[in-house]
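K.L.:
One structure is given below, represented as structure tokens, and several questions about it will come after.
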Amino acid sequence: MKSTRIKMNPLIAANWKMNKGIKEADSFIKEFRGYFKANNKEVVICPPSTLLPYISGLIKNMGIKLGAQNMHFEDKGAFTGEISPLMVKDAGCEYVILGHSERRQHFNENDELINKKVKAALNHGLKPILCIGETLEQRESNITIKIIKSQLTECLKNINENEVRAIVVAYEPVWAIGTGKNATPEQAQEVHACIRKQLGELYGNAIASKIRIIYGGSVKPENSKELLSMKDINGALVGGASLDAKSFADICSSA
Ligand code: PGA
């Protein structure tokens, strides 16, 4: 049910995943520039790492921000194929997505590793978009809340109350990602409220009420307004629909 929204600027992030090269990024930004109005919301584009410095140049003065999709927790060293927090910063990022379910599923990332990455991001002044979410099997076994609480607590281990303010939590039910089947606004709100409650238990309600909890999983222009009107939904992490400039702009406008 709709109720009073917690007042904070919504954050809408585009997760391009492993899509787009320079030409496609160029035409996206050109088209998006025509639609985008930067009022009272934060918009972040998270392209593949090869495009980070390039897009950083393209979006200067547009009022939108840049994020990476992943990073290693070490500053540098013999980690072939990885990028470090220093490199992510250097490329112009303010945000970094961490713990995405595709990283958990295909690259064996677990809460302990994600916690190291969250700490490393914070140490370098990067804002983590920390992803958590249950699988279909877990939802059907009625352990969604248990899974969410445990992922949140483990990923935030040894993060203090000053540091946690920089974090954005993304609730992304795994069954809703890339499936076209979004969580209903009520289903999402229920989990967001539980995340906020858990944050309150860990850090106190005053801090918990200021942390943005965004929803991800088949967000599109047709469902974004309703999802974003829920009390504890403070933004969206958008995959497929963020690849099209008009769709992504429409989602941004609905916030
Ligand atoms: P989707 O992806 O919008 O394509 O479901 C969301 C995400 O994985 O962040």
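The values are calculated or read from the model by the stated rules, or taken from the named source; none is laboratory data. Keep in mind the model is a prediction, meaning the values are calculated, not measured. Positions of Cβ are generated from backbone atoms using ideal geometry, with glycine treated the same way; all protein chains shown enter the neighbour counts.
K.L.:
Could you check the stretch 106-185 for helices (runs of 4 or more DSSP H) lying wholly inside it with 2 or more residues that are more than 27 Å from GLU42 (Cα to Cα) and without any contact (Cβ under 8 Å) to a residue 12 or more places away in the chain? I'd like the intermediate steps shown before the answer.
P.N.:
Working: elements: 111-123, 136-140, 144-155, 161-164.
Answer list for the stretch 106-185: 136-140.
K.L.:
So, in the stretch 77-86, how many residues would count as being under 12 Å from ALA120 (Cα atoms) and either surrounded by 17 or more Cβ atoms within 10 Å (Cβ to Cβ) or in contact with a helix residue (DSSP H, G or I) (Cβ under 9 Å, 6 or more places away or on another chain) (or both)?
P.N.:
2
K.L.:
On to the next question. Is it the case that some residue within the stretch 44-60 is at positive phi and of a type in the set (S, T, N, Q)?
P.N.:
Scanning the stretch 44-60, I find no residue that is at positive phi and of a type in the set (S, T, N, Q), so the answer is no.
K.L.:
Same structure, new question: Just checking, does the stretch 75-86 include any residue being closer than 20 Å to ILE213 by Cα and under 18 Å from the mean Cα position of the chain (by Cα)? Even if it seems obvious, please write down each step before you answer.
P.N.:
The first filter runs over the stretch 75-86 and keeps only residues closer than 20 Å to ILE213 by Cα, leaving none.
Checked the stretch 75-86: no residue is closer than 20 Å to ILE213 by Cα and under 18 Å from the mean Cα position of the chain (by Cα).
K.L.:
Right, here's the next one. Within the stretch 209-225, can one find any residue that is within 15 Å of the ligand (Cβ to nearest atom), touching a strand residue (DSSP E or B) at 6+ places or on another chain (Cβ under 7 Å) and in a helix (DSSP H, G or I)?
P.N.:
yes
K.L.:
Can you pull out every residue in the stretch 158-186 that is surrounded by fewer than 19 Cβ atoms within 10 Å (Cβ to Cβ), of a type outside the set (Asp, Glu) and over 12 Å from LEU130 (Cα atoms)?
P.N.:
Matches in the stretch 158-186: ASN158, ASN160, ASN162, ARG165, GLY178, THR179, GLY180, LYS181, THR184.
K.L.:
Return only the number of the condition from (1) closer than 18 Å to ILE213 by Cβ; (2) more than 15 Å from the chain's Cα centre (by Cα) that TRP175 does not satisfy.
P.N.:
For TRP175, the exception is condition (1).
Per-residue answers, yes or no, for (1) under 23 Å from ARG103 (Cα atoms); (2) at pLDDT below 95; (3) touching a helix residue (DSSP H, G or I) at 6+ places or on another chain (Cβ under 6 Å); (4) not basic (Lys, Arg):
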site	(1), (2), (3), (4)
PHE28	no, no, yes, yes
GLU31	no, no, yes, yes
ASN39	no, yes, no, yes
LYS60	no, yes, no, no
ALA68	yes, no, yes, yes
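K.L.:
Give the residue, chosen from CYS155, CYS194, that is away from the ligand (no atom under 15 Å from the Cβ) and surrounded by fewer than 20 Cβ atoms within 10 Å (Cβ to Cβ).
P.N.:
Values: CYS155 fails: surrounded by fewer than 20 Cβ atoms within 10 Å (Cβ to Cβ).
Exactly one of CYS155, CYS194 is away from the ligand (no atom under 15 Å from the Cβ) and surrounded by fewer than 20 Cβ atoms within 10 Å (Cβ to Cβ), namely CYS194.
K.L.:
Let me ask something else. Assuming GLU226 fulfils every condition listed in (1) under 13 Å from the mean Cα position of the chain (by Cα); (2) farther than 17 Å from ILE177 by Cα apart from one, which condition is it?
P.N.:
(1)
K.L.:
Out of curiosity, is TYR215 out of contact with any Leu (no Cβ under 8 Å at 6 or more places or on another chain) and surrounded by 15 or more Cβ atoms within 10 Å (Cβ to Cβ)?
P.N.:
No.
K.L.:
Which members of the stretch 226-249 meet the condition of being outside any loop (DSSP other than H, G, I, E, B) and either more than 15 Å from the ligand (Cβ to nearest atom) or free of Cβ contacts under 8 Å to residues at least 60 places away in the same chain (or both)? Steps first, answer last, please.
P.N.:
Applying the first criterion (outside any loop (DSSP other than H, G, I, E, B)) to the stretch 226-249 yields 226-228, 235-238, 240-242, 245-249.
Listed by number, the residues that qualify are GLU226, LEU227, ALA241, ALA245, LYS246, SER247, ALA249.
K.L.:
Another question about this same structure. Inside the stretch 50-104, can you point out the residues that are within 16 Å of the ligand (Cβ to nearest atom), polar (S, T, N, Q) and part of a helix (DSSP H, G or I)?
P.N.:
Across the stretch 50-104, the qualifying residue is only SER101.
K.L.:
Can you say whether ALA208 is surrounded by fewer than 23 Cβ atoms within 10 Å (Cβ to Cβ), in contact (Cβ under 8 Å) with a residue 24 or more places away in the chain and in contact with an Asp or Glu (Cβ under 9 Å, 6 or more places away or on another chain), as far as the supplied structure shows? Working first, answer last.
P.N.:
Values: surrounded by fewer than 23 Cβ atoms within 10 Å (Cβ to Cβ): yes; in contact (Cβ under 8 Å) with a residue 24 or more places away in the chain: no; in contact with an Asp or Glu (Cβ under 9 Å, 6 or more places away or on another chain): yes.
Taking the combined requirement at face value, the residue does not satisfy it.
K.L.:
Looking at (1) closer than 13 Å to GLU42 by Cα; (2) at pLDDT 95 or above; (3) not basic (Lys, Arg), which is the one condition that is false for ALA255?
P.N.:
(2)
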